[in-house]
Amino acid sequence: MKIALCQIDPIIGNLEYNKQKILDGYKKAIEAKADLAIFPELSLVGYPPLDLVEKSEFRKAVNNAAHEIANQTNSVGLIFGAITEDFDNVGTDIHNSAILCFDGEIQFVQHKTLIPNYDVFDEMRYFDSAESVSIFEFKGEKLGISICEDIWNDADYWYRRRYHKDPIQELLKQKTSVLINISASPYSYGKRAARKEMLSTLTKKDKIPLAYVCCVGAQTDLIFDGASMCYDGNGNLVKVGKSFEEDIFVFDTKENYKAIEKCEESFEQEVLNSLVFGLKEYCTKLGFKKVLVGLSGGMDSALVTYIAVQALGSENVHVILMPSKYSSEGSVNDSEVLIKNLGINSDNVSIQPVVDATLNQIKSILKTEVKSLTEENLQARIRGLYLMTYSNNNGQLLLTTGNKSEMAVGYCTLYGDMCGGLAVIADVYKTDVYRIANHINRDGEIIPKTIIDKAPSAELKPNQTDQDTLPPYELLDKILRMYLEENKEFNEINDVIDNQDLVKRVLRMVDMNEFKRNQAAPALRVSSKAFGYGRRYPIVQGWRK
């Protein structure tokens, strides 16, 4: 069977747009002489649709659109993802479904069995599980159709499984001859390689070909990398779709292909690609043509500016330098070199007159000496005021520049450097920021080496460096990775670090700054555990007093 894998980039809720994407892809599959075209999970509605599915008018519109798609099919099969209803008055009555249509009609519907409820997934809030799975005979093949999570529960791959059911094994018992999985699997570094290994284990064991189609795109913080995969009956990966862009390609289950060994690039290149793609998608889908960055002369804002140029072009990126009396001459000069290297427009305006005037005005109500931290935060907030005013007046999206290490321990100022509509590198640790910067410079200096080499500093008081307040980033990031991504606690972390006071201090900083992260801009997700929707901790708690 010739299967066309159509990894498209839908927009959540834009049914007309998504419907046309599916029909356009279907036409290309017909032109490619495919027997069957398959599209990703919930491709008609976009993933994740969240509370949109609770609106009856939305569900009716989805149903109408699904039938409109079916009406335009011929003998070539078409599988796409959508929501469906069963009206049995038990549970939500809503399903995450794969719809198979041909000859002008919907011929078969398979609901998703395994409904994930962890990390960024909250599907149990919306969807009922399939009561059963069954194969569908089409053009001489017995199709075993599954949806995303359904294939992530193989007993021979996982040390510990999340579910008792295994819908894939049920399909195999029914003598399926081809496995098809339609997916919307969010990207994080390393997941593509893990997916390759898992699907290879499954297809090799069961001696069956598999066509796995994944959506591409970014929906706010979630990035979907595409990279759809096809396997032969020997467990070999034989076809891979493009990463971070739409793609349509044909997999012939009877053809002998050469095995593909590599499916991921280096950490630095993968993360850079995903951040550039995520920013571009956010701007495109929300209609922003230009972005704004507060350029400090530091590493983080330099990297965000570079990413913005790659995503939107130098003509669509504007930066503002906002020195104070504490800003070093080097920071301004370094910023100007970066501006020249990237070919972007800029402004330079001192915040000091406004800082001085504000302090003079507010002293009368403080009735006490202005504390150092208060003055530091005031500077950050005045910079935020400048940036937000420029953003509002010129219709440019303001990007925040804080990294994951700073966001974790609260080394950031509410209504100051946290101002903005998207946190581009808030899921990238500080040490990884430097790795990516050096990777960018591998063929020549783009980000000035003086920025990379200087000691990190907020420059909010004389001779300030980040390490006045924080441990060295190499040590801090080691603790944070264990706490945030490996879910380890104090004793486990201290067994590695062997510094009780430091570990206690870092964990307390993370816990006490939950309130800041709850008010932060959405952060592009590139790790297995990012701040935001996938990490939910109470603001008020007493676990660590």
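The values are calculated or read from the model by the stated rules, or taken from the named source; none is laboratory data. None of these values were measured; they are calculated from a predicted model. Please note: Cβ atoms are built from the backbone with ideal geometry, for glycine as well, and neighbour counts cover all protein chains shown.
Against the numbered list (1) under 29 Å from the mean Cα position of the chain (by Cα); (2) over 23 Å from A227 (Cβ atoms); (3) at pLDDT 95 or above; (4) part of a loop (DSSP other than H, G, I, E, B), T92 comes up short only at (3). Scanning the stretch 385-415 for residues that are among the small types (G, A, S) and free of Cβ contacts under 8 Å to residues at least 60 places away in the same chain gives no hits.
For the stretch 179-201: of the residues being surrounded by fewer than 21 Cβ atoms within 10 Å (Cβ to Cβ) and aliphatic (A, V, I, L, M), which is farthest from L275 (Cα to Cα)? Per the stated criteria, the residue is M198. When I447 is tested against (1) in a helix (DSSP H, G or I); (2) in contact with a Phe, Trp or Tyr (Cβ under 9 Å, 6 or more places away or on another chain); (3) aliphatic (A, V, I, L, M), exactly one condition is not met: (1).
On inspection, I446 does not qualify as within 27 Å of Q352 (Cα to Cα) and in contact (Cβ under 8 Å) with a residue 12 or more places away in the chain. From the list M407, M388, M322, the lone residue that is out of contact with any Leu (no Cβ under 9 Å at 6 or more places or on another chain), of a type outside the set (S, T, N, Q) and at pLDDT 95 or above is M407. Selection of strands (runs of 3 or more DSSP E) fully inside the stretch 159-246 by the criterion of at least 3 residues being closer than 25 Å to S266 by Cα and within 23 Å of the chain's Cα centre (by Cα) returns 210-214, 216-219, 222-225.
Listed here are the residues, each with its yes/no results for (1) outside the structural domain of C230 (by TED's automatic domain parsing); (2) free of Cβ contacts under 8 Å to residues at least 40 places away in the same chain; (3) among the hydroxyl-bearing types (S, T, Y).
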{"site": "E255", "(1), (2), (3)": "no, yes, no"}
{"site": "L275", "(1), (2), (3)": "yes, no, no"}
{"site": "L286", "(1), (2), (3)": "yes, no, no"}
{"site": "L292", "(1), (2), (3)": "yes, no, no"}
{"site": "S296", "(1), (2), (3)": "yes, no, yes"}
{"site": "V304", "(1), (2), (3)": "yes, no, no"}
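Taking helices (runs of 4 or more DSSP H) as the structural unit, those lying wholly within the stretch 459-524 and holding at least 2 residues that are more than 30 Å from C283 (Cα to Cα) correspond to 473-480, 490-497, 500-512.
Considering only residues that are basic (K, R) and surrounded by fewer than 21 Cβ atoms within 10 Å (Cβ to Cβ), look in the stretch 404-445 and name the one that is nearest to V276 (Cα to Cα). So, considering only residues that are basic (K, R) and surrounded by fewer than 21 Cβ atoms within 10 Å (Cβ to Cβ), the one nearest to V276 (Cα to Cα) is R435. Of the set (1) within 30 Å of E485 (Cβ to Cβ); (2) of a type outside the set (S, T, N, Q); (3) surrounded by fewer than 16 Cβ atoms within 10 Å (Cβ to Cβ), all apply to P48 but (3).
For the stretch 1-17, give me each residue that is assigned to a helix (DSSP H, G or I) and either touching a residue at least 40 places away in the same chain (Cβ under 8 Å) or in contact with a strand residue (DSSP E or B) (Cβ under 7 Å, 6 or more places away or on another chain) (or both).
First pass over the stretch 1-17, keeping only residues assigned to a helix (DSSP H, G or I): 15-17.
Of everything in the stretch 1-17, those that are assigned to a helix (DSSP H, G or I) and either touching a residue at least 40 places away in the same chain (Cβ under 8 Å) or in contact with a strand residue (DSSP E or B) (Cβ under 7 Å, 6 or more places away or on another chain) (or both) turn out to be L15, E16.
Quick grid of which residues meet (1) of a type in the set (G, A, S); (2) assigned to a helix (DSSP H, G or I); (3) farther than 29 Å from N441 by Cβ:
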{"residue": "S324", "(1), (2), (3)": "yes, no, no"}
{"residue": "S346", "(1), (2), (3)": "yes, no, no"}
{"residue": "L378", "(1), (2), (3)": "no, yes, yes"}
{"residue": "R381", "(1), (2), (3)": "no, yes, yes"}
{"residue": "L387", "(1), (2), (3)": "no, yes, no"}
{"residue": "N393", "(1), (2), (3)": "no, yes, yes"}
{"residue": "L398", "(1), (2), (3)": "no, no, no"}
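Taken together, the residues in the stretch 51-78 that are in contact with a strand residue (DSSP E or B) (Cβ under 9 Å, 6 or more places away or on another chain), among the small types (G, A, S) and surrounded by 13 or more Cβ atoms within 10 Å (Cβ to Cβ) amount to 4.
One residue stands out in the stretch 446-456 among those that are out of contact with any helix residue (DSSP H, G or I) (no Cβ under 6 Å at 6 or more places or on another chain) and surrounded by 13 or more Cβ atoms within 10 Å (Cβ to Cβ): the one that is farthest from S324 (Cα to Cα), namely K449.
Every condition in (1) free of Cβ contacts under 8 Å to residues at least 40 places away in the same chain; (2) over 30 Å from Y231 (Cβ atoms); (3) not charged (D, E, K, R) is met by V53 except one, and the failing one is (1).
Taking every residue in the stretch 139-156 that is closer than 26 Å to A34 by Cβ and pairing it with any residue that is in a loop (DSSP other than H, G, I, E, B) and among the hydroxyl-bearing types (S, T, Y), at least 6 positions away or on another chain, the pairs with Cβ-Cβ distances below 7 Å are E141/S177; K142/T176; K142/S177; L143/T176; G144/T176; C148/S185; D150/T113. Taken together, the residues in the stretch 135-158 that are in a loop (DSSP other than H, G, I, E, B) and surrounded by 14 or more Cβ atoms within 10 Å (Cβ to Cβ) amount to 5.
Does D427 satisfy the condition of being closer than 22 Å to S528 by Cα and assigned to a loop (DSSP other than H, G, I, E, B)? When the stated conditions are applied, D427 passes them.
Residues in the stretch 76-112 that are over 21 Å from G144 (Cβ atoms) and of a type in the set (G, A, S): G91, G104. If only residues of the stretch 1-21 that are hydrophobic (A, V, I, L, M, F, W, C) and closer than 18 Å to Y212 by Cβ are counted, the one that is farthest from the chain's Cα centre (by Cα) is M1. Among the residues making up the stretch 75-123, those that are among the aliphatic types (A, V, I, L, M) and more than 16 Å from E41 (Cβ to Cβ) are V76, V90, I106.
Residues that are surrounded by fewer than 18 Cβ atoms within 10 Å (Cβ to Cβ) and either touching a helix residue (DSSP H, G or I) at 6+ places or on another chain (Cβ under 9 Å) or more than 18 Å from L460 (Cβ to Cβ) (or both): does the stretch 302-309 have at least one?
If we filter the stretch 302-309 for residues that are surrounded by fewer than 18 Cβ atoms within 10 Å (Cβ to Cβ), which is where we start, we get none.
Checking the stretch 302-309: not a single residue is surrounded by fewer than 18 Cβ atoms within 10 Å (Cβ to Cβ) and either touching a helix residue (DSSP H, G or I) at 6+ places or on another chain (Cβ under 9 Å) or more than 18 Å from L460 (Cβ to Cβ) (or both).
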